[in-house]
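Novice: There's a structure below that I have some questions on.
The values are calculated or read from the model by the stated rules, or taken from the named source; none is laboratory data. Since the structure is predicted, the reported quantities are computational estimates derived from the model, not experimental observations. Cβ atoms come from the backbone with ideal geometry, glycine included; neighbour counts cover every protein chain shown. Surface accessibility is based on the protein's heavy atoms, side chains included, excluding ligands, DNA and RNA. Shrake-Rupley method; radii C 1.70, N 1.55, O 1.52, S 1.80 Å.
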Amino acid sequence: MKSPSASVLGLLLATSAFLHAAPDSNWLAHDRERPLPPVVNPGTASTQDQPGKPPSDSVVLFDGKDLTPWVAMDGSPTKWIVKDGALECVPGSGYVRTLQSFGDCQLHVEWAAPTPVHGDSQGRGNSGVFFGFNRYEIQVLDSYENKTYADGSAASYYGEYPPMVNACLPPGQWQTYDIIWTNPRFDAEGKLLAKARITVIHNGVLVQNNIEVERPNTGHWFNPPPYQVHPERLPIAFQDHGNPVRFRNLWVRELGSYRHKEFMLPNALLDTYVGDYPRDAHDTVKVRRLPDGLLSLTLAGGELIMHAASPTHFYAETTDVQCEFDFTGPKKIAAVSVGEDQSRAMKLERVTP
Ligand code: MG
């Protein structure tokens, strides 16, 4: 367990193994003992009239009806609307993000620019697909016969990489982005080890080929700040840029292997768990809130970073500690377990606030 003085930022990202593809030397060539890949039903392609079916192992983010995977950036209910089977941006309502967090992933997005056409350049059909909460934007823009700066075109990595070609369909038509996102890697001290990488296929056409992202493109639109350490898994977000862009058939396949799903819960909910939970006369478990939807849990003098696997269940990534909050009764209980056996959890009652 890390000491409380250890850099919280450094702990935010337990850097997972690099995903450099290399043959696994544990197996001979054509080894019959080697496990076969899991079987996935690949689903079906979309048409203009009909959204396709997602692959069987994907997390469905929007099925034409259900808005529950999406929230406003602070975790409160989003003001974006579901209309005619599409998720539609309500101008002025703010960005929308997934409640669930994702690391390296394959993301499928279908979007349509508004008709009739309004505005020009960056003012026409502008939205965006963000990875890392709000840090890295693939531009959504009506780039069909609409001149703008190259690195602000549809499917650009905004501000850095124009798409190789302009594969835009006319406004009103459904367009696809298939995006492979690879997170930046940081070490335990928060130092950048590897930059983020992105591949984008726009309407079936490769437009970004494993580009290396020089820096996040959020914040100052002309001179954004350099990389800063952030958690490995964060929500995916769509931009409200004042245009009623529509989305449908949204799904994602997480590419890392993780023990739990992860969610970025609303700060208002996380704040309800904050407080002191005495263990005995000499030790108190302290819970406090960190940025990026994380909790800090101080246990036996050490500090753990806790990730949400559900609205009530939290786990430490670096060691086998879990915590289940039960606030349904008159007492506010944190059941803290160490090791595999969760039936032996310490049931601790909150005394403050
Ligand atoms: Mg945009």
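Novice: What's the carbon and sulfur percent of the stretch 267-349's accessible surface, probe 1.4 angstrom, rounded to a whole number?
Specialist: That share works out to 51 percent.
Novice: Could you give the length gained by full extension between Val117 and Tyr258, i.e. 0.36 nm per residue of separation minus their alpha carbon distance, to one decimal place?
Specialist: Extra length available between Val117 and Tyr258 comes to 46.4 nm.
Novice: If I compute solvent accessible area with a 1.4 Å probe over the protein chains, what percent of it on the stretch 17-95 is carbon and sulfur?
Specialist: In the stretch 17-95, the share of accessible area belonging to carbon and sulfur is 57 percent.
Novice: Please list, or write none, the aspartates and glutamates whose alpha carbon is within less than 13 Å of the alpha carbon of Lys53, excluding same-chain residues fewer than 8 places away.
Specialist: Output for Lys53: Asp63, Glu110.
Novice: Hey, can you grab everything whose amide H is under 5 Å from the amide H of Thr284? Only 5+ residues off in sequence or another chain; H modelled, so Pro and N-termini drop out.
Specialist: It is Arg279, by chain and number.
Novice: If you don't mind, there's one more thing I want to ask. Starting from the Cα-Cα distance between Arg32 and Thr352, subtract it from 0.36 nm times their residue separation and give me the gain in nm to one decimal.
Specialist: Value of the extension gain: 109.3 nm.
Novice: Name the long-range amide H neighbours of Leu61: under 5 Å, sequence gap of 5 or more, or other chain; modelled H, no Pro or chain starts.
Specialist: Under 5 Å from the amide H of Leu61 lie the amide H atoms of Leu250, Trp251, Val252, each far enough along the sequence or on another chain.
Novice: Where in the stretch 208-273 are there trypsin sites (Lys or Arg not before Pro) that are in a DSSP coil and have at most 11 other Cβ atoms within 10 angstrom of their Cβ?
Specialist: On the way: sites: Arg233, Arg246, Arg248, Arg253, Arg259, Lys261; in loops: Arg233, Arg259, Lys261.
Those that pass, being in a loop and sparsely packed, are Arg259.
Novice: Hey, another quick one. Restricting things to alpha carbons, tell me how big the chain is in terms of Rg and Dmax, in Å.
Specialist: 22.1, 72
Novice: May I ask you to evaluate 6.51 cos²θ - 1.76 cosθ + 1.60, the Karplus curve with θ = phi - 60°, for each residue of the stretch 202-212 and list the ³J(HN,Hα) values in order in whole Hz, giving x for glycine and proline?
Specialist: Per residue, the Karplus-derived 3J(HN,Hα) values read 10, 6, x, 10, 5, 10, 9, 10, 6, 5, 9 Hz.
Novice: Using a 10 Å cut-off on Cβ atoms, rank the peptides 189-195, 174-180, 129-135 from the highest mean neighbour count down. Don't skip to the answer; put the middle values down first.
Specialist: Details: 189-195: 13.3, 174-180: 19.6, 129-135: 22.9.
Per-residue mean Cβ counts within 10 Å order the peptides as 129-135, 174-180, 189-195.
Novice: Next question. Where the Cα atoms of the stretch 267-349 are projected onto their three principal axes, how long is each span, largest first, in whole Å?
Specialist: For the stretch 267-349, the Cα spread along each principal axis is 32, 30, 23 Å.
Novice: Another question, then. Determine which lysines satisfy two conditions relative to Lys331: a Cα distance under 24 Å, and not lying fewer than 8 residues away in the same chain.
Specialist: Lys286, Lys347
Novice: State in Å² the accessible area per residue of the chain; use a 1.4 Å probe, count heavy atoms of protein chains only, and round to the nearest integer.
Specialist: 49 Å²
Novice: Taking θ = phi - 60°, what integer Hz values does the Karplus form 6.51 cos²θ - 1.76 cosθ + 1.60 yield along the stretch 161-176, in sequence order, with x for Gly and Pro?
Specialist: Each residue of the stretch 161-176 in turn: 10, x, x, 5, 9, 9, 9, 5, 9, x, x, x, 7, 6, 10, 10 Hz.
Novice: When only C-alpha pairs under 8 Å and at least 6 residues apart count, what is the relative contact order of the stretch 212-353, in percent?
Specialist: Values: 210 pairs, mean separation 21.2, N = 142.
Relative contact order here is 15 percent.
Novice: I would also like to ask the following. Calculate what fraction, in whole %, of the accessible area of the stretch 152-247 sits on carbon and sulfur atoms when a 1.4 Å probe is rolled over the protein chains.
Specialist: Carbon and sulfur: 54 percent of the exposed surface of the stretch 152-247.
Novice: Would you mind calculating the relative contact order of the chain from Cα pairs under 8 angstrom and at least 6 residues apart, reporting the percent as a whole number?
Specialist: 19 percent
Novice: A follow-up question, please. Under a point spin-label approximation (7 Å from Cα along Cα-to-Cβ), what is the Leu206-Val82 distance to one decimal in nm?
Specialist: Output for this residue pair reads 3.7 nm.
Novice: Check the straight Cα-Cα distances from Lys79 and name the lysines below 18 Å, setting aside those fewer than 8 residues away within the same chain.
Specialist: By straight Cα distance, Lys79 reaches Lys65.
Novice: Right, another one. For Ser310 and Thr284, calculate 0.36 nm times their separation in residues minus their Cα-Cα distance, and state this gained length in nm to one decimal.
Specialist: Full extension of this stretch gives 7.0 nm more.
Novice: Most fluctuating residue of Asn267, Asn203, Asn223 in a GNM of the chain with Cα springs under 10 Å: which is it?
Specialist: Asn223
Novice: In whole percent, what relative contact order does the stretch 267-349 give with Cα contacts below 8 Å and a gap of six or more residues?
Specialist: Numbers: 152 pairs, mean separation 13.9, N = 83.
With pairs under 8 Å counted, the relative contact order is 17 percent.
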